[in-house]
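Values quoted throughout were computed directly from the atomic coordinates according to the rules given, and no laboratory measurement underlies them. Please read these numbers as outputs of a predicted model, since none were measured by experiment. Please note: Cβ atoms are built from the backbone with ideal geometry, for glycine as well, and neighbour counts cover all protein chains shown.
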Amino acid sequence: MFETEALRLLVTVADTGSFTAAAARLNYTQSAVSRRIAALEQQAGGPLFERLPRGVRLNPVGRALHRHAEDVLDRLSRAEQELTVIHSGIGGMLRVGAFATANISLMPRALREFRRTSADVEVIAVEGRSDTLVQRLAEGALDLAVVSDYPSGLPSADGVTTAVLLEDELCVALRRDHPLAGAGAIDLRELREEAWIQDTYGDRPTMLADACARAGFTPRKIIRIAEWTGKFGYAAAGLGVALVPSLAAWAVPAELVLCRLDDPALRRTVHLALPAAPLPAALRLRDLLHGQR
């Protein structure tokens with residue numbers, strides 16, 4: 001493998017046409033230049049320069065390596081410039097993730113403001129479950145994520161730090177003609193005969209199961225629907241009721257109303273997750289997300 005400094009020396013000798021001039025430009029001794037060029041020629045399998053009465057010039061092998069050396073040095077220079085831009089927060093790419101309901105209004109509003117103030121930063125946004133997003137942060141595939149402890153606790157991973165962003169109340173979505181739709185805070189026990197529409201989380205405990213247990217009953221029926229559009233569709237058809245976080249209120253269809261429940265534990269905490277050494281652009285988006293609360 002050719003060393004970067006050896007390639008730089010090759011280009012400088014070719015530009016100046018002299019070992020002595022190259023040594024002066026790079027602050028080397030002439031003997032050091034001669035030794036390094038000799039080592040480079042050994043790596044290349046033969047001479048790279050024609051030795052002239054006054055100076056040197058590239059031979060065909062030297063010209064071939066010189067062409068590649070210029071490409072390598074140019075790419076390294078551009079990489080250095082790009083990294084400088086990224087670390088300064090004024091350009092580059094920012095990869096962000098959020099769980100589904102955070103993408104309804106919280107993240108889009110923050111990204112709209114971020115685009116206005118940081119137009120040179122390209123944002124790549126993805127959606128996923130909180131545990132998946134935290135794992136992608138740990139693997140270096142994301143630069144920032146909005147995650148939550150709903151439905152079964154806040155995920156964690158080595159090298160990922162989290163901080164509370166906001167508290168999000170969990171309400172119940174009912175058809176507008178439901179007998180309890182106009183009530184104030186609803187006692188969960190009044191919904192004991194309802195079918196509940198929720199995603200499936202395997203054997204892990206959920207906030208709904210815990211809340212129903214506190215109220216002294218087990219849900220009569222669970223309808224397993226993963227996506228929010230499907231949950232809203234089933235609830236709007238009167239096939240069941242669903243726990244809906246207040247972050248999702250903007251997307252609730254007109255056929256439904258969100259009603260508060262009288263269990264104060266029915267809320268989730270939304271967190272911002274960052275790697276141990278976050279990019280400046282990620283910190284700027286973090287501040288904008290705090291401003292959306």
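Things to note:
- Rounded to whole Hz, the Karplus (6.51, -1.76, 1.60) HN-Hα couplings of segment 15-26, x for glycine and proline: 5, 8, x, 7, 5, 5, 5, 5, 4, 5, 5, 9
- Cα lying deepest toward the dipole's positive end in segment 4-88, options 87, 28, 6, charges on Cβ: 28
- Cα gyration tensor shape for segment 1-74, rounded if a/c is under 1.5, else prolate or oblate: rounded
- All Cα pairs of the chain, percent lying beyond 26 Å: 60
- Rounded to the nearest 20 debye, the dipole size of the chain about its Cα centre is 720 debye, using +1 on the Cβ of Lys and Arg and -1 on the Cβ of Asp and Glu.
- Fluctuation leader among 260, 36, 214 - the chain, Gaussian network, Cα springs under 10 angstrom: 36
- Taking every C-alpha pair closer than 8 Å and separated by at least 6 residues, the mean separation divided by the residue count of the chain gives a relative contact order of 22 percent.
- Karplus 3J(HN,Hα) series, Hz, for segment 160-175 with 6.51 cos²θ - 1.76 cosθ + 1.60 (x for Gly, Pro): 10, 10, 10, 9, 5, 9, 6, 9, 10, 6, 9, 10, 10, 8, 10, 4
- Most mobile listed residue (135, 30, 198) in the chain, GNM with C-alpha springs under 10 Å: 30
- For the residues 11, 123, 96, a GNM of the chain with alpha-carbon springs under 10 Å puts the largest fluctuation on 11.
- Relative contact order [Cα under 8 Å, 6+ residues apart], segment 1-160, whole percent: 17
- Taking amide hydrogens as placed 1.01 Å from N in the peptide plane, the amide H of residue 92 sits under 5 Å from those of 122, each at least 5 positions away in sequence or on another chain.
- Neighbour-count ranking [beta-carbon atoms within 10 angstrom, fewest first] of 231, 221: 221, 231
- Gyration tensor verdict on segment 169-267 (Cα atoms; rounded if a/c is under 1.5, prolate if a/b is larger than b/c, oblate otherwise): rounded
- Euclidean distance of C-alpha centroids, segment 179-246 and segment 7-55, integer Å: 77
- For residue 197, residues with placed amide H under 5 Å, excluding near neighbours: 223, 241, 242, 243
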